[in-house]
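I have placed the structure first, in the form of structure tokens, so that the comments after it can refer back to it.
The values are calculated or read from the model by the stated rules, or taken from the named source; none is laboratory data. Computed from a predicted structure; not experimentally measured. Neighbour counts are summed over all protein chains in view; Cβ atoms, including those assigned to glycine, are modelled from backbone coordinates with ideal geometry.
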Amino acid sequence: MQKIKSVQTEENFPESVECPLCGAGAQLVEKHCPGFIEPDTFSIYHCSACDTQFSMPRIGNNKIYEYMYGRAYSHYCRYPKEIKKAKDPLQYLADAEPAYWAANRIIQEMGANRKDLRILEIGSGLGYFTYALNQAGYHATGIDISESGVAQARQTFGDYYLCADVTKWADKHKEEYDVALCIETIEHVDEALPFLQSIAACCKSQKAPGGGGKIIVTTPNKSMYPSEAVWCNSLPPFHMWWLSETSMRYMAEQAGASVGFFDWSEYHRQNRFTVRMNPEKTMRWSEMPFLDENGYAIHPKSALYKYFATIPWAKRIGKKVMRIPEYRIQGSRGIILCAVFERQ
Ligand SMILES: [Zn+2]
């Protein structure tokens, strides 16, 4: 089996590097943040010009997806099966993940009867969201750079998917879509700004006859945490960015778009959304390495644990026994940042 290339730890870390998002000087905040794959470590930099945290070195991470999809480690891997059984797949996903709840709400607000909306999902992964949108009557297409992800999506759900890079896609599909969706994907991409600019190019501008489109981008929300936090996010290089509202404003300006942020107040009222730590307290990073150097999950959960985790009362007792503190999130800001761009 081919090993994931380990990142060699350097002893000399520059105190300042150029921010890969805005080009300003970014400062070293952490030399040895654990990596997604053991025993790699990454350094973390903060750019105060665009309030963005990023990991160094910027290495490719496609192998991780092949492991995650191929061995079904990700919790997303259980959705394809369950969604095919669901009566209303879109509602099922909206109930399961806040990012889908927000995206569904934004699309609905564009017009309840607008089933003619053309939707492009960038980073469609195993395909369930694009499938759910089609089942709800929209015309949705999913693109992804993972060949195995697209192959599995096509096999499970049909011909809604293509293996494609959004930059090349944008050349052929300029201003074609009413909605461009990028759910929990931008933090995985090395060059976030050109990526967002390509996504924006696929979407109708506000000048388009019949009205403009919306570009919906979700990512872990740095703006929820105090400035001392280093990386409350999946570890690098799986995630390479920790983006804030200011990062999104910078990208909007560069893409010739306006940006607004989804208001989570109603979601928080309805869902009693909790996290396992207090975002107001300082913390360094929130996760542990996930894969060993051969790409196997480090702490695979037992079948029994997985079974009990699906039963609400067992989950509640388990959390009490393990004494995991939980904090209820309220108000308009969520732990997911959902930015809505409109091209001018
Ligand atoms: Zn910057």
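Output the residues belonging to the range 13-53 that are among the β-branched types (Val, Ile, Thr), touching a helix residue (DSSP H, G or I) at 6+ places or on another chain (Cβ under 9 Å) and within 12 Å of the ligand (Cβ to nearest atom).
Going through the range 13-53, the residues among the β-branched types (Val, Ile, Thr) turn out to be 17, 29, 37, 41, 44, 52.
Next cut, touching a helix residue (DSSP H, G or I) at 6+ places or on another chain (Cβ under 9 Å) only: 37, 52.
Correct list: Thr52 only.
Condition check: without any contact (Cβ under 8 Å) to a residue 12 or more places away in the chain and among the small types (Gly, Ala, Ser). Does Gly137 satisfy that?
On the way: without any contact (Cβ under 8 Å) to a residue 12 or more places away in the chain: no; among the small types (Gly, Ala, Ser): yes.
Taking the combined requirement at face value, the residue does not satisfy it.
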* Asked: Where residues in the range 107-146 are modelled with pLDDT under 90 and at negative phi, which of them is surrounded by the most Cβ atoms within 10 Å (Cβ to Cβ)?
  -> Ser146
* Considering residues of the range 101-126 that are closer than 23 Å to Ala192 by Cβ and in a loop (DSSP other than H, G, I, E, B) only, the residue nearest to the chain's Cα centre (by Cα) -> Gly123
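Quickly run through the range 82-100 and pick out the residues that are among the aliphatic types (A, V, I, L, M) and not in a helix (DSSP H, G or I). Spell out the reasoning first.
Our first condition is that a residue be among the aliphatic types (A, V, I, L, M); within the range 82-100, this holds for 83, 86, 90, 93-94, 96, 99.
The one that is among the aliphatic types (A, V, I, L, M) and not in a helix (DSSP H, G or I): Ala86.
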